[in-house]
1. Quick one: Debye curve from the C-alpha atoms of region B:109-151, no solvent, what's log10 I(q)/I(0) at q = 0.18, 0.35 Å⁻¹?
2. Kirkwood Rh, region A:49-108, all Cα pairs: how many Å?
3. With n ≥ 4 as the cut-off for DSSP H runs, can you work out [θ] at 222 nm for the protein assembly as shown, using -39500 (n - 2.57) per run divided by the number of residues, rounded to the nearest 500?
4. May I ask you to derive the relative contact order of region B:207-265, considering only C-alpha pairs under 8 Å and at least 6 residues apart, and to give it as an integer percent?
5. Taking every residue in A:54-66, how many Cβ atoms of other protein chains lie within 10 Å of its Cβ, on average?
6. Contour minus end-to-end for residue A:110 and residue A:75, with contour as 0.36 nm per residue of separation and end-to-end as the Cα-Cα distance?
7. Among B:213, B:147, which comes first, second and so on when ranked by fewest other beta-carbon atoms within 10 Å?
8. Within chain B, what percent of beta bridges assigned by DSSP are antiparallel, to the nearest 5?
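Values in this text are rule-based calculations from the coordinates and carry no lab data. Please read all numbers here as calculations on a predicted model, not as lab measurements. Please note: Cβ atoms are built from the backbone with ideal geometry, for glycine as well, and neighbour counts cover all protein chains shown.
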């Protein structure tokens, strides 16, 4: 077994094999620990601000203006990217693309590692990706890359991400941005 | 589903690829367009299916384009498909599609239609089954007929290529008698199952057999079938889309083959119940056809 990457390129790329489960309500999952939401938010912000080519991957639930909450989240995610000095690469739909994706400008859940490799992304946030595809993508990223993954999820979170915060809606996202601004100031970034 | 799911949040417009911006700006969503959608849109509008992973020159790909261009309200349509060559295209369609287990498509579609009627009582949601001859005539015959018996308000389209094509060429119930394939070396021993006739005796309001040689005809039949299914009951379209590889034709010979069969096995067959006939006249008056 290789010894690189957050999951050490495990042949079992499923976090549940290591006994990891999604965090309980009001809590977050940070690597293998259940922590307070704020602690995880602070750590996600720190990693994003200190890693090479930090990128946010917004999914269809926030890319498209299909309801008011999605519109609010879009504004917040744009602000989040500015605060975290992060690039944005959209995961605009889940259809497999032939012959191949343009890894420079898009990410596809069926082979998300291509985008991460191509852009040398060392930290990323998945937000607005439907849970079933986030699960697929996060497992692939976990096993194939050394990218630190964070999942900001509106439902119960994703154990396959290195850090996951759950029940995240516009209010919680605004809180994350506030914390990220504090961390940014602390780091002098 | 509604057209809103294709409206890009302005914050992200600069990072979205052109093809998705085109889908929002230039696709023929019924909810937005003043004029009726149709085959003519294929020339200058953004298509709902552009890329596909079928063989070069496959008539199925063309037929699916005609069908998608003719759906009355694609944003309110759910397509249910099954295992087979057609299932290779569905991941590429910008509409809601549900892939069911081999043969289960009409049972799944019946459930979806019933739930949609309950969940969205004020909206018209169309459920269209699109499966190959293996799924419709062989493996899923039971479910297909049951959905007709039960008068489920769904449209069933059978893409008949008369063979199990993507598994190497085994005969199906829809293969004509005597036909030899790579994996049917002795030739088919019995006649082609007349599914379009079974549809009639099983209670379909509308049953049509045709080839995909004439795009406008396919579009007209599809539109009629969907409109009737909304109001009256099950409708069935049996569409010949030959597997050019399995019958030894070149990529550019699919259309020729369909035109040949227009005069032979797929000569026009059309059944419409008197109620459906009257309803179609009404639709015509309203400008829906």
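1. Cα-only, vacuum Debye calculation for region B:109-151: -0.59, -1.18.
2. Details: mean 1/r = 0.0797 Å⁻¹.
Radius from the Kirkwood sum: 12.6 Å.
3. Numbers: 14 runs with 165 residues, N = 478.
Only helices count here, giving -10500 deg cm²/dmol.
4. Value for region B:207-265: 42 percent.
5. Details: counts 0, 0, 1, 0, 4, 0, 2, 1, 3, 10, 10, 10, 8.
Other-chain Cβ atoms within 10 Å of each residue's Cβ, averaged: 4.
6. Between residue A:110 and residue A:75, full extension yields 9.9 nm more.
7. Working: B:213 21, B:147 28.
Fewest-to-most Cβ neighbours within 10 Å comes out as B:213, B:147.
8. Values: 6 of 33 bridges.
Antiparallel bridges make up about 20 percent of those DSSP assigns within chain B.
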